[in-house]
Amino acid sequence: MMEVAGDYYKEREKEEEVDDDDVEKKVKQYHRRAQELQRIHKYNKAINYCQFSLNLMKGKPLNSLVGELYYTLANSYHRQGKKQLKGINSKEKEGKEEEGEEEKAGIKSLHISLHYYNICMQCSSNEAMMYWKSVEGLGNVHHLMGNYREAIAYHGQFLDYSVRAGDVEAQQRTNTNLGHAYLLLGEAKLSHYYHWESLELSIYLKNHVAEAQSYYSLGALQLLVQNHKEALKYFKKHLYLAQELNDKYGQCKSYWCIGKALTSLGHYKSALLFANKQFLLAEEICDYSQCCTARKNMSDLLDAISKSQKKIQQSEVGATGQKRKVQRSQSSHARTSERGNNEM
C-alpha cells in the first residue's frame, strides 16, 4: 500500500510540473499534495509539503493562500496529536516509558497546532472562512488538551458564527463540544442544555450517528447526577441506534452503561445479563479493554447477587424465628387464659 501511494505521488509530480519562476502555482500544487496526504493520514509528509511551500512564500505579502497553508499545517499537527493520544488509550503498551513518550509527542503536536492556528487567524480577516475554521480548531485542540475553559471560549465564538452563517451541521457539532466540556467541568445544567440542543439538531439533520452520540452523552450526564432511571432511558435509545448503525463498539459502551445504571438501582441480575453481552461482543471485536471491564463487572455483580441472596435468607430466617416466637407467646397466653377460666 505504501509503495502504491509513493508511485501515485511520483506520477502526480510528472503531471503537474511547472516552471520554477511560477512560485504561487508551485505552492498551490504542493498545498494540494499536502491535503491529499492529510486525507490518507500521512501527517508528517503533509507537514513537510506545507513547510516547504511556506518557505517558497517567504518575503511575499500575506494572502489567503498563505493562510490556507498555515491552516493545513495546523490541522495536520492537530490530527497527528489526536492520533498519538488516541493510540495511548487504544493499545496495550508493553511499558510505561513507551506510553509516556507517545503522550509527550502528542501534546507537543497539539501545542504546535495552536501556534499555527493563531498565525492562520492573523493571515485572515474575521469575516473569512479560514479565520473561523481556525477558531474551531483552537477550541478542539484546547478541548483535547483538557483546557476546558479555553475550549469553551472558542467553541462559543464558533457557535455564534455558525448561527450567523446558518451552518446547522457546525452548530450541531459545536453544541456537542460545549456539552462535553461542561460535563467534564461538572456543570450539569449547562451540559444538559448543549447536549439537548445537539440532539434536536441531529434529529433535524437526520444524522443518526450524531443522534446516538447525543443520547449517550445525555445518559452519561444523568449517571453523573445519579438520575439512574433517566440514564437508562437515554442509554437504551443509544443502544437501539448503535444496533441500527451496526456500531459494535457503541453497543459495547451501551451495555456497560446500562449495566452500571441497573447496578445503581439494585437490579443485579439484569445488570449481569448486560455485562455478559458486553463481554461477548467485546471478544468478538477484539476489544481487550472492554473485555477486562466486562469480566470485572460480572465478578462484582456475582458477589453482589450472592450477598443479596444471603441477606434475603437471613431476613427470611429472622422472620420465621420471629413468627415462631409470636406463635409460642400466643400459645402460652392461651394456656394461661385457659387455666384462669378453669380456676374460676
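The values are calculated or read from the model by the stated rules, or taken from the named source; none is laboratory data. All values derive from a computational prediction rather than experimental measurement. So basically every Cβ, Gly included, is an ideal-geometry build from the backbone, and we count neighbours across all protein chains shown.
Scanning segment 149-167 for residues that are under 23 Å from residue 256 (Cβ atoms), out of contact with any Cys (no Cβ under 7 Å at 6 or more places or on another chain) and not in a helix (DSSP H, G or I) turns up nothing. If you go through segment 242-259 and keep only what is of a type in the set (Gly, Ala, Ser) and either surrounded by fewer than 21 Cβ atoms within 10 Å (Cβ to Cβ) or farther than 18 Å from residue 222 by Cβ (or both), you end up with just 250.
Counting only residues that are buried (at least 22 other Cβ atoms within 10 Å of the Cβ) and in contact with a Leu (Cβ under 6 Å, 6 or more places away or on another chain), segment 34-75 holds 4 of them. When segment 260-294 is limited to residues that are part of a helix (DSSP H, G or I) and of a type in the set (Val, Ile, Thr), the one that is surrounded by the fewest Cβ atoms within 10 Å (Cβ to Cβ) turns out to be 293. Selection within segment 185-241: residues that are among the hydroxyl-bearing types (Ser, Thr, Tyr), touching a residue at least 12 places away in the same chain (Cβ under 8 Å) and more than 27 Å from residue 145 (Cα to Cα). The member of this set that is surrounded by the fewest Cβ atoms within 10 Å (Cβ to Cβ) is 204. Whether a residue is out of contact with any helix residue (DSSP H, G or I) (no Cβ under 6 Å at 6 or more places or on another chain) and either farther than 22 Å from residue 220 by Cβ or modelled with pLDDT of 90 or more (or both) was assessed, and residue 291 does not pass this test. Contact list please: Cβ distance under 9 Å, first residue in segment 280-297 and within 10 Å of residue 252 (Cα to Cα), second residue in a loop (DSSP other than H, G, I, E, B), pairs at least six apart or on different chains. Qualifying pairs under 9 Å: 281/287.
Only residues that are assigned to a helix (DSSP H, G or I) and among the basic types (Lys, Arg) were counted in segment 168-222, giving 2.
If the condition is being over 11 Å from residue 78 (Cα atoms), part of a helix (DSSP H, G or I), hydrophobic (A, V, I, L, M, F, W, C) and touching a residue at least 24 places away in the same chain (Cβ under 8 Å), then segment 106-136 contributes 119, 120, 123, 130, 132, 135. Considering 139, 146, the condition of being modelled with pLDDT of 95 or more, under 22 Å from residue 103 (Cα atoms) and not in a helix (DSSP H, G or I) is satisfied by 146 alone.
Does segment 55-69 hold any residues that are free of Cβ contacts under 8 Å to residues at least 60 places away in the same chain, in a helix (DSSP H, G or I) and either at positive phi or not aliphatic (A, V, I, L, M) (or both), and which are they?
Selection gives 55 alone.
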